[in-house]
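Structure record follows, encoded as structure tokens.
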Amino acid sequence: MDWFQMAGLRNLLSNYFKTEALFSIVRKFVFSILSVGPIPNHIAFILDGNRRYARNWNMQEGEGNKVGFLALMSMLNYCYELWIKYVTLYAFSIDNFNRWPNEVQYVMDLLQEKIEGLLKEESIVNNYRIRVYFLGNLKLLNELVRLAAKKAMAATAKNDKAVLMICVAYTSIDEIVHVVQESYNEKKDDIRHHEIDKELPIKLVDLEKHMYMAVALDADILVRTSGETCLSNFLLWQTTFCQLYSPNALWPEISLRHLEIEAIGAFSILVELRRTKWVHCSTIRGGSAPEVEIGTALLNTSSKYGAIDASSKVFDKMLQESIVSRSAMIATYGMHVNMQNALVLLIEMK
């Protein structure tokens, strides 16, 4: 490499690190905005679109999973920087074992490699003191992956700042069958002596304590990339009151904008709106009016337009319908403007 090439490379690296440093500052600014409002305690991800991403970019089969892993590391950093306590990943479904054997083996090898990487001193797990759980029917995994998972769980058992739950060889149907079997085994003596006209000895609490997901509270947000809106047999028991967010981006394309500004931003605004009952102005309406909650309107618009457009549309609706909670209007408008400004900065940066 000659002097001119070295000088060009030095300038390129210098600009790169300046850009990354500035982006880090902007990211902290976005986080400071979001941290003012409610932050979800538990967010779950369905990592959908790795294979389509590989096909779109003419990659070899399985290469999309490697790119997807880089996106995953970014998402985990963002989540833990925001002090989200629980993160759950739908890494590999039981149904995925029906794919081509070569693809399944490739994913298992990659999974083993990344699990072992979690134990390295400089890994994200050690940086944030994350406790790792592998949840699912683990006996379906090959021995090397299963041993690596057990080793990672044992090595992180004393970490207490955050929790990462990786669902492998998992489906909700399998989880529920597992719960029924374990609950029966625990109470089988009581069941055998159960009188027909009496209440069954198995209660809801007995079922829930045997769930794979018993280590965490139910999810607040479930993010499924690639625009799909079905749950695909994931957390069916735990998502009764969960907000579903489905960006069109494939998993390797997911970014800070999709997670922090749109998904968590919509969650924060929705929680605030649900906390406040909005009352129509009686002087304009000509008498007392029933309380109305605009949270439903935000939920409907955020799933279609994203949090920023949704907050704008809800704010316009509040003005049109003469809603008179002044402090709430100011708070909602402020969140809308702040998120818009933050998004503009991020788009200019990237």
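The values are calculated or read from the model by the stated rules, or taken from the named source; none is laboratory data. Quantities reported herein were computed from a predicted structural model and do not represent experimental measurements. FYI the Cβ positions are ideal-geometry reconstructions off the backbone, even for glycines, and counts take in every protein chain you see. Protein only, heavy atoms only, side chains kept; ligands, DNA and RNA dropped before computing areas. Shrake-Rupley method; radii C 1.70, N 1.55, O 1.52, S 1.80 Å.
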Any hit, region 14-37, residues being open to solvent by 20 Å² or more (accessible area, probe 1.4 Å), outside any helix (DSSP H, G or I) and modelled with pLDDT under 95: no
Subset of region 38-64 [buried (at least 22 other Cβ atoms within 10 Å of the Cβ) and in a helix (DSSP H, G or I)]: N50, Y53, G64
Residue match in region 133-147 (condition: open to solvent by less than 40 Å² (accessible area, probe 1.4 Å), of a type in the set (S, T, Y) and out of contact with any Cys (no Cβ under 6 Å at 6 or more places or on another chain)): no
Checking K188 against (1) outside the structural domain of L82 (by the TED database); (2) surrounded by fewer than 15 Cβ atoms within 10 Å (Cβ to Cβ); (3) touching a residue at least 12 places away in the same chain (Cβ under 8 Å); (4) among the basic types (K, R), the condition it does not meet: (3)
Single condition K120 does not satisfy, out of (1) closer than 20 Å to M211 by Cβ; (2) of a type in the set (K, R); (3) assigned to a loop (DSSP other than H, G, I, E, B): (1)
Looking only at region 192-213, and only at residues there that are loosely packed, with under 14 Cβ neighbours inside 10 Å and assigned to a helix (DSSP H, G or I), the one that is modelled with the lowest pLDDT: R192
Candidates V104, V125, V87, filtered to the one that is farther than 22 Å from A214 by Cα and either in the same structural domain as A263 (by the TED database) or loosely packed, with under 13 Cβ neighbours inside 10 Å (or both): V104
